[in-house]
Structures are given as C-alpha cells and as structure tokens.
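Beneath this line is the structure, given in structure tokens, with notes to follow.
A short reminder: the numbers here are calculations on the coordinates, not readings from a lab. All values reported here derive from a predicted model rather than from experimental measurement. Cβ placement follows ideal geometry from the backbone for every residue including glycine, while neighbour counts extend to all protein chains displayed.
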C-alpha cells in the first residue's frame with residue numbers, strides 16, 4: 001500500500017493502544033516497502049516511537065508522550081472534507097496557538113460518557129479500539145506539501161503539541177469542497193494575516209513605560225548636552241580635518257641621442273651593460289604564382305632556349321661534354337628530331353654507390369635550339385645525346401641523358417606574340433605585392449603583443465618565369481618566393497633599457513609616452529639569431545623629484561611658505577596645490593592627508 005501511493009511523504013497517526021506496529025516485524029516489513037518515500041510516526045506509545053527510531057523512521061513528538069489523555073466523547077468524522085487550502089503561519093503564531101489550545105483544554109468541560117460505557121480504575125471512560133482506530137489512519141502528503149514535515153493532523157479531542165524543528169514559515173493544508181470558495185469555508189473574509197483581529201498592546205500607556213518616564217526638566221539637560229557635544233564635534237572637525245592635493249610638473253629636458261641595441265631570443269633579460277633586449281624569433285616563407293598573357297607582337301627569327309639537367313649513371317668517373325653537344329628531345333619514346341645544343345662545356349660528376357644504392361651524378365646546362373621557330377618551344381621532357389647513338393655507344397647512350405623541368409621558350413619565326421618588358425615587370429610587381437601581404441598578415445598573427453621594427457620587411461628569394469622579356473609566348477607563368485626572418489620584442493623592455501641609459505648618462509627620468517623613437521641600420525644575423533639596430537631617441541625626459549622629501553617639507557606650511565619652498569627647488573617646473581575644506585589655510589601635518597602626484 002505504501003509503495004503504491006503517489007505521495008512522497010507518509011505519516012502514520014496511531015493511538016496509544018494500537019495493535020499495529022507492536023513488533024519489530026511490522027517495522028521490518030515497512031522498511032522493505034518504503035523505497036524513496038519519507039515515513040513519519042505520531043503515537044503516544046513510547047515503545048512504538050522507540051521501534052520507529054530504531055528503524056530510522058521520523059517520529060513526531062507531542063506535548064507529553066506518557067501523559068494519559070483525558071476521555072472525551074468521540075465525534076463523527078466526515079469523509080468528504082474540503083479540498084486543500086494553503087495557510088501560512090509564522091513560528092510565533094504557532095506558539096500562541098498552542099497556548100490558546102492549552103487554556104481551552106483546561107477550561108472546557110467534558111461531555112458525559114454514554115450510558116453503559118466501560119470505565120477504567122480512575123473512572124475515565126474506555127472506548128472501543130474500533131472507534132479509536134479512526135484516528136489511526138495514514139495521512140499521505142504529496143510533494144506539494146513537503147514543507148509540512150513538522151505539522152500533524154490532530155483530532156479535536158486530543159491534546160497534541162505541534163512541534164517545529166526551527167523557526168520558519170509553515171504551510172498548513174486544509175480541504176474544502178470544489179463548489180465552495182474560501183470565504184464560504186471559513187465564513188469570513190480571507191486575510192493575509194490570520195491574527196490581524198487580535199488587539200495589539202499599547203506599550204506607550206503600559207505601567208512599565210510610565211514607571212520609567214523621565215521628568216520634563218531632564219529633557220532640557222539632554223538638549224544642552226547634545227548641543228555641547230555637537231559644538232565640540234564641529235570644533236574638532238574644524239581644527240583637525242583637512243587635506244592637500246599637490247600636482248608637480250618636473251623640469252623637462254629635450255632628448256637627442258642614439259643607442260645601438262641587440263635583440264635576440266638568446267637573451268633572457270634586459271642587460272644595460274651590453275644593451276641587450278630579449279626577443280622572439282619569427283621565420284616565415286611564402287610563394288605566389290599566376291599565369292599572365294603576353295601583349296606584344298613582332299616579326300622575328302629567334303631560337304628557343306632553356307635549361308636541361310644532365311645525369312650520369314654510366315660510371316663513377318666524371319664525364320666531360322664539350323660545348324654544342326647535341327641533345328635530342330624524346331617524344332612518346334621516340335626521337336623527335338628536335339635538337340638542342342649546349343652553350344658551354346661541362347663535366348658531369350660520376351655516380352655514387354652507397355649500401356648498394358646508386359645515386360647518379362648530375363649537372364645543369366643551358367641549351368639553345370638547333371633552328372629558329374615556335375616549333376622548338378617544347379614542354380619539359382627527356383633528352384638523349386645524339387653523338388653516342390651515331391657511334392653505337394649504347395651503354396653511354398642509355399646511361400648518360402638529360403631532363404628539363406621547364407618548357408623551352410623564345411622560338412620565333414615570323415609574326416608572334418611576345419612577352420613585353422611591361423608584361424614581365426607587371427607580373428613580378430603583382431606577385432611580389434601579394435606574397436609580401438601574406439607574409440605580413442602571418443607575421444602579425446604570430447607576433448601579437450610584441451613590437452616589430454617597422455622598416456624591416458620581407459625579401460624576394462626567387463623569381464621564376466616560363467618566359468622572359470622579348471620571348472615569344474602567348475602566355476607565361478611566373479612564381480615568386482619571399483621570406484622574412486626577424487625578432488619581435490616587448491616595447492616595455494626596450495623602454496626600460498632606454499630609461500636606464502638616460503638615467504645613467506643624464507640623471508633624468510623617462511616617461512614612455514613622451515619618447516619619440518626611430519630605428520635605422522636594421523640588420524638581421526640569421527646565423528646567430530640576433531637583430532641589431534640603432535635607436536634614435538627624441539622627445540623629453542624630466543628631472544627626478546624626491547616626492548617623500550617634498551611632502552615632508554610642505555607639511556604645516558601656509559601659502560607664502562609653500563610658494564617660497566617651491567621656488568627654491570630648481571627641478572620643479574610648476575606646481576598646483578588644492579587645500580580643502582575651504583577654511584584650511586595650511587598643508588596638513590599628517591602625511592597621509594597629502595596626495596602628491598607628478599604631471600608631464
């Protein structure tokens with residue numbers, strides 16, 4: 001039954017002589033069925049309460065568990081009770097209600113027991129257990145009334161104390177019929193304060209208040225005392241209160257000097273002895289490539305040119321080749337008849353054999369087509385040496401050969417499209433700007449929070465093009481590679497080095513916002529990872545001010561004395577002093593009341 005109920009909390013109200021829960025077996029069975037529910041017992045029988053506590057059930061106490069209840073006539077209990085109505089009582093209201101119920105219990109006469117009712121030794125009537133068991137029904141409390149664990153349903157004939165564990169507001173649930181509103185149930189207008197009709201005691205007219213009432217004459221004494229205290233307080237404030245706000249502008253001096261510095265990730269801290277500043281190394285490389293159309297056109301007779309790489313797999317000895325050595329293009333595994341000649345003599349290194357792995361020797365050489373014309377503007381391919389094929393030297397023919405990684409270009413015979421100087425330079429400018437922009441963006445992201453020399457940028461590493469100016473080509477592809485190696489640093493570290501240098505050489509103090517810095521002669525030593533530069537230092541530095549000494553000399557001085565002292569300090573360019581409140585004419589003697597600041 002307990003397990004099936006929807007209520008999260010169950011209260012068992014038992015009469016003192018109830019047959020239920022007389023043994024440990026009853027509690028053991030209930031313990032198995034309790035699940036996650038909260039179960040509470042209310043009973044006058046101390047043995048039942050003891051067993052309940054033993055099995056860790058909650059027990060509600062009454063005014064006296066051992067007191068013998070006075071007999072009253074049992075009244076019929078209506079089963080169709082009202083639906084829930086929430087009424088909030090404070091803890092103090094609950095205590096007043098207990099006292100009232102206690103008094104009514106003592107004064108209200110009991111009805112006589114019905115004729116034939118059995119009585120005990122004291123003459124009190126004894127009712128049947130069946131009638132008493134009406135009170136022994138279980139009360140299920142839903143999750144909505146979880147805050148009512150300290151309140152129990154009671155029978156009007158029982159004198160049961162309402163116990164509370166702590167002082168707090170308690171929700172009490174009653175029941176009313178669905179068709180009735182709350183006024184019809186209580187037969188009165190509902191009020192937020194249940195005790196609003198109870199008259200409040202008049203403390204002012206109470207005997208205790210009248211007993212300690214002061215005579216009228218003492219009021220004058222109190223007023224006089226208050227006036228004297230107020231006057232004394234004002235006088236103390238007038239004599240002691242006061243503050244001074246002092247703003248001093250130190251004497252400025254224009255700077256015009258320079259300092260050579262070294263910045264590197266090899267340095268761990270600022271070193272004024274060697275003018276070293278710690279930094280972070282950045283190395284970024286980017287490349288950009290694009291295809292461009294040729295805009296010029298001309299009549300010409302021109303041979304195609306290019307570069308091939310000669311490979312030597314014939315032997316470990318070098319192989320010399322004279323200028324004009326013929327190399328023929330192989331197309332689809334066959335000789336094409338398109339011959340190119342070397343422009344200079346070369347010696348091709350011999351092959352190397354290490355751990356049975358053959359590495360051929362190789363050498364790059366420039367070649368020119370044997371004849372003029374666009375026919376020789378061939379794409380990258382394989383080349384063989386014609387002389388060894390003609391001599392029948394098959395070994396050298398197969399083991400010494402050439403390869404090109406780019407197409408041959410520049411061959412013209414008649415009118416043809418030509419790469420103009422403008423086409424070439426325009427392509428180079430566009431790609432250079434693009435690759436530098438990519439490097440700067442990458443450097444900006446990587447060096448966030450660090451300072452970089454503004455006049456030090458990336459450099460162009462290489463420019464590669466399938467055609468050069470005046471080469472015959474309808475279009476050409478250019479690729480530009482660029483990189484930067486630099487060191488970023490914290491500006492505060494550089495300013496600290498400059499500050500130490502200026503203080504050492506001039507005895508002045510530096511204000512970072514007043515410095516004007518420019519950088520020249522920037523050079524990066526990539527081998528040692530050191531960035532060197534000359535820093536030109538301009539702007540103003542300022543005379544050093546002994547703030548503690550100034551405060552000590554100004555305490556207690558009036559206007560004339562203040563002016564005389566400030567005029568005598570040569571390092572002070574100007575000063576402003578504010579005394580408050582308005583009646584204060586001297587600088588306070590308490591140093592904590594003096595606020596001195598420097599302005600620049």
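Calculate the length of the line joining the C-alpha centroid of the range 349-376 to that of the range 482-530, in whole Å.
The distance from the Cα centre of the range 349-376 to that of the range 482-530 comes to 51 Å.
According to the Kirkwood expression over distinct Cα-Cα pairs, how big is the hydrodynamic radius of the range 475-530, in Å?
One decimal place: 15.0 Å for the Kirkwood radius.
Specify the inter-centroid distance of the range 22-56 and the range 439-462, based on alpha-carbon positions, in whole Å.
81
Please give the contour-minus-distance gain from residue 243 to residue 38: 0.36 nm per residue of separation, less the Cα-Cα distance, rounded to one decimal in nm.
67.1 nm
Cα centroid distance between the range 301-337 and the range 556-600, in Å?
So the separation of the two Cα centres works out to 93 Å.
Grab the beta carbon distance between residue 441 and residue 258, set R0 = 35 Å, and tell me the FRET efficiency rounded to 0.05.
The computed FRET efficiency comes out at 0.65.
So the label point goes 7 Å from the Cα of residue 307 along Cα→C-beta, right? Which residues of the range 384-419 then have their backbone N under 17 Å from it?
Residues passing the 17 Å test: 402-410.
In nm, what is the difference between 0.36 nm times the number of residues separating residue 600 and residue 273 and their Cα-Cα distance?
114.8 nm
Pull out the extension gain between residue 590 and residue 22, defined as 0.36 nm times the separation in residues minus the alpha carbon to alpha carbon distance; nm, one decimal.
Result: 196.2 nm gained on full extension.
Between residue 316 and residue 289, what is the spin-label point distance in nm, taking each point 7 Å from the Cα along the Cα→C-beta axis?
Output for this residue pair reads 3.8 nm.
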